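**Q** Please see the structure below; I have some questions.
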Amino acid sequence: MLISTSRKPSQKTRSFCKNLSHALGTNYVNRGKMNMRELLLKALELDEVNIAVVNQIKGNPSKITFFSNKGEELLTILITVSISTTRLNIQPSKLKLVSKVDELDVLSNILNIELKATASENYILISSIDDENYLAKINFINKFGEKTDLQIYVRKIL
């Protein structure tokens, strides 16, 4: 998957995208003046199947839209994030997905990560959250079985 930003991203949005690309073992490109067509061509050039475009509101990552490399919108989620400033220690090649929120199981196909019922290390955990403002929380669990600081709170699925 190719990860990119909306135009003129803030430093916080760029940091989030870089963290996310490291965690998932994917490519990240700063969008600059590229339009969507050029972004799709860049994905094809890098042999990427899907694209994630991170948009922001007031300098903070607020929405991730996933596209196929043909330009079809696959999923859009409204988010709030917590960015990691420390090394994630995640092995992307061994990454699994554990989802407790059925509506987000589709991320397994989009991210091309195996969906498992349980895991003890090196996985993405999607869990429901006891807060009326959020639908789910996405945690990244490193190769030592510890939660990383990188967290995504899903407010809404569009």
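The values are calculated or read from the model by the stated rules, or taken from the named source; none is laboratory data. On a predicted model such as this, the values are computed, not experimentally measured, just so you know. Ideal geometry is used to build each Cβ from the backbone, glycine not excepted, and the neighbour counts take in all protein chains shown. Only protein heavy atoms, including side chains, enter the accessible area calculation; ligands, DNA and RNA are left aside. Shrake-Rupley method; radii C 1.70, N 1.55, O 1.52, S 1.80 Å.
**Q** Quick check on my filter: what residues within segment 136-153 are in a strand (DSSP E or B) and either open to solvent by 40 Å² or more (accessible area, probe 1.4 Å) or of a type in the set (Asp, Glu) (or both)?
**A** LYS137, LYS147, ASP149, TYR153 - these are the residues of segment 136-153 that are in a strand (DSSP E or B) and either open to solvent by 40 Å² or more (accessible area, probe 1.4 Å) or of a type in the set (Asp, Glu) (or both).
**Q** I've got another one for you. Confirm whether LYS156 is at pLDDT 90 or above, open to solvent by 20 Å² or more (accessible area, probe 1.4 Å) and under 25 Å from ARG7 (Cβ atoms). Quick ask: steps written out before the conclusion?
**A** Working: at pLDDT 90 or above: yes; open to solvent by 20 Å² or more (accessible area, probe 1.4 Å): yes; under 25 Å from ARG7 (Cβ atoms): yes.
Spelling it out, LYS156 is indeed at pLDDT 90 or above, open to solvent by 20 Å² or more (accessible area, probe 1.4 Å) and under 25 Å from ARG7 (Cβ atoms).
**Q** In addition: Determine if segment 18-25 includes at least one residue that is under 23 Å from LEU158 (Cα atoms), without any contact (Cβ under 8 Å) to a residue 40 or more places away in the chain and under 12 Å from the mean Cα position of the chain (by Cα). Walk me through it before giving the result.
**A** Residues of segment 18-25 under 23 Å from LEU158 (Cα atoms): 20-21, 24.
Those still in the list that are without any contact (Cβ under 8 Å) to a residue 40 or more places away in the chain too: 21.
Of the ones still in play, those that are also under 12 Å from the mean Cα position of the chain (by Cα) are 21.
Yes, that holds for at least one residue.
**Q** Those residues that are open to solvent by less than 30 Å² (accessible area, probe 1.4 Å), touching a residue at least 24 places away in the same chain (Cβ under 8 Å) and under 15 Å from SER6 (Cα atoms), I need them from segment 48-63; list them, please. If you could, list the steps in order and put the result at the bottom.
**A** Keep residues of segment 48-63 that are open to solvent by less than 30 Å² (accessible area, probe 1.4 Å), which gives 48, 50-54, 59, 61-62.
Add one more test, that the residue is touching a residue at least 24 places away in the same chain (Cβ under 8 Å), and what stays is 48, 50-54, 59, 61.
Hits for segment 48-63 are ILE51, ALA52, VAL53, VAL54, GLY59, PRO61.
**Q** Also, I was wondering about something else. Of everything in segment 79-113, what is open to solvent by 80 Å² or more (accessible area, probe 1.4 Å) and under 15 Å from the mean Cα position of the chain (by Cα)? Give them in sequence order.
**A** ASN109, ASN112
**Q** Follow-up question, since we're still on this one. Have a look at ASN122, ASN133 and point out the one that is buried (at least 18 other Cβ atoms within 10 Å of the Cβ) and over 15 Å from the mean Cα position of the chain (by Cα).
**A** Numbers: ASN133 fails: buried (at least 18 other Cβ atoms within 10 Å of the Cβ).
Criteria check complete, one pass: ASN122.
**Q** Something else about it: Out of (1) out of contact with any Cys (no Cβ under 8 Å at 6 or more places or on another chain); (2) of a type in the set (A, V, I, L, M, F, W, C); (3) within 19 Å of TYR153 (Cα to Cα), what's the single condition that is false for LEU46?
**A** With (1) out of contact with any Cys (no Cβ under 8 Å at 6 or more places or on another chain); (2) of a type in the set (A, V, I, L, M, F, W, C); (3) within 19 Å of TYR153 (Cα to Cα) applied to LEU46, the lone miss is (3).
**Q** I want to confirm something. Restricting to segment 1-44 and keeping residues that are in a helix (DSSP H, G or I) and touching a Ser or Thr at 6+ places or on another chain (Cβ under 7 Å), which single residue is surrounded by the most Cβ atoms within 10 Å (Cβ to Cβ)?
**A** So in segment 1-44, the residues in a helix (DSSP H, G or I) come out as 11-24, 36-44.
Cutting the leftovers down to touching a Ser or Thr at 6+ places or on another chain (Cβ under 7 Å) gives us 13-14, 17, 19, 39.
On the way: THR13: 22, ARG14: 16, CYS17: 24, ASN19: 22, LEU39: 19.
That would be CYS17.
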